[in-house]
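Reading through the structure tokens given below for one structure.
The values are calculated or read from the model by the stated rules, or taken from the named source; none is laboratory data. Computed from a predicted model, the values in this text were never measured in an experiment. Heads up, the Cβs are rebuilt from the backbone with ideal geometry, glycines too, and the neighbour counts pull from every protein chain shown.
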Amino acid sequence: MRVAIDAIPLLLRSAGVKTYLFNWIVSLRRVAGDGRVVTFPSLGPLVSYSHERSVLGRLPTLGRLALLHARNSLPSPWLDWSGPSADVFHASQQSWNPPRRGRVTATLYDMTCWLVPETHSRANVAGARHFAERVLCRADGLIAISESTRRDALRILNLPPEKVEVIYPGVSDAFFQTTPESAGAAAAKYGLERPYVLFVGTIEPRKNVDRLLDAWAALAPSVRSEFDLVLAGPLGWAEPSTVARLQSPSASVRYLGYVPEEDLPGLTRGASVFVYPSLYEGFGLPIGQAMAAGVPVVTSNVSSMPEAAGEAALLADPSSTQEIAGAIETLLLSESLRTQLSAHGLRLAERYRWEHCAAVSWRFFERVCA
């Protein structure tokens, strides 16, 4: 069996999807053996990635994006000989005309463009719905990255339940292998001199950053005098008012901007608490990363986040500034509770190993082919 993975997101500016796709392909190749997992378009060996730029140079990237445009625009017969030869083609949201030969699969990351469309641009919403119509509803099999996403997709898209399988994403080994030394190095690099609460994610409306800043301001002054709130992540399609707040923060708030992938494990390990009050997530990969690094979590009580965090988190209503502030303060004031949640997180994070995700995914592809 040969599987072709649509790797177009690796050529684009992307956050969670790029992290997932890069590590998934690398892990699938380890599980399946060389030559049985190829990419479309061909990218060669995958060594490293950045959320901010393509894994290839400028000209190779432009050439491959031109090929994608041609495949999306030209009649279907052209696709069958222009694409990779494989038993399964796993499509990304950018590919609207997957080849007709072989089986077609895709990953369901989330249903935000249906459930919280106001947090996306109109182009994103239109693109997601077009992909659903052209690919998701016709696919031979789908991977959902959480049971929450699976339930939402079955309900919204009216998909056959037997076609959708839940396979949790993985967390990079670097988060499991963090040490006090790597945490100290990250703190020194970013000038973090006090204990801190950490948020990691693209700054965009769904991440609920404004309410997080409001919750931090509502904490007791004695707490804010001891801890900083540190936010790391690129500016996405955030409201200008949110950007202004981050760029003119209060004394106990630090916005680091985009943090390279290699710095995130140490930065995460050094946090006293990880906070992620998102309005909706298909999984919430930063939650799994914090758990793997042994950091207790405050996150939302909606969508997939209770499923991803399990017993390693305090849950709060993301629409309530008071609940978010209360959960953060409860953890910061209780070292014993932080220790308890950290232990739960380390244990539960073992189910988010990439080798496990890849092995289960390969069996999924075998079932689709059968």
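List of remarks:
- Annotation note: Cβ proximity below 6 Å between a residue of the stretch 218-231 that is assigned by TED's automatic domain parsing to the domain that holds Val273 and a residue that is of a type outside the set (Lys, Arg) and surrounded by fewer than 16 Cβ atoms within 10 Å (Cβ to Cβ) (sequence gap 6+ or interchain) occurs for Phe227/Pro195.
- Near pairs, Cβ below 9 angstrom, 6+ apart or cross-chain, from the stretch 136-149 (closer than 15 Å to Arg363 by Cα) to any residue that is assigned to a strand (DSSP E or B) and among the polar types (S, T, N, Q): Asp140/Thr105; Gly141/Thr105; Leu142/Thr105; Leu142/Thr107; Ile143/Thr105; Ile143/Thr107; Ala144/Thr107
- Whenever a residue of the stretch 307-319 is within 17 Å of Gly345 (Cβ to Cβ) and without any contact (Cβ under 8 Å) to a residue 40 or more places away in the chain, its partners that are among the hydroxyl-bearing types (Ser, Thr, Tyr) and part of a helix (DSSP H, G or I), lying with C-beta atoms within less than 9 angstrom and at least six residues away or across chains, give the pairs Ala312/Ser342; Leu314/Thr330.
- Only one of the numbered conditions (1) at pLDDT 90 or above; (2) among the aliphatic types (A, V, I, L, M); (3) crowded, with 17+ Cβ neighbours inside 10 Å is violated by Met1, and that is (3).
- Qualifying residue in the stretch 318-333 (condition: part of a loop (DSSP other than H, G, I, E, B) and within 22 Å of the chain's Cα centre (by Cα)): yes
- Restricting attention to the stretch 220-241, the residues being surrounded by 20 or more Cβ atoms within 10 Å (Cβ to Cβ) and out of contact with any Phe, Trp or Tyr (no Cβ under 8 Å at 6 or more places or on another chain) number 1.
- Selection count, the stretch 137-166, where residues are more than 20 Å from Trp24 (Cα to Cα) and either assigned by TED's automatic domain parsing to the domain that holds Ser304 or among the β-branched types (Val, Ile, Thr) (or both): 1
- Out of Ala215, Ala187, one residue alone is buried (at least 18 other Cβ atoms within 10 Å of the Cβ), more than 23 Å from the chain's Cα centre (by Cα) and either under 24 Å from Thr112 (Cβ atoms) or free of Cβ contacts under 8 Å to residues at least 24 places away in the same chain (or both). It is Ala215.
- When Val200, Val209, Val166, Val171 are checked against the criterion of being surrounded by fewer than 20 Cβ atoms within 10 Å (Cβ to Cβ), under 19 Å from the mean Cα position of the chain (by Cα) and at pLDDT 95 or above, Val166 stands alone in meeting it.
- Residues of the stretch 223-241 satisfying the condition of being hydroxyl-bearing (Ser, Thr, Tyr) and either assigned to a loop (DSSP other than H, G, I, E, B) or at pLDDT 95 or above (or both): Ser225
- Residue in the stretch 32-46 that is nearest to Arg363 (Cα to Cα), counting only those that are modelled with pLDDT of 85 or more and not β-branched (Val, Ile, Thr): Ala32
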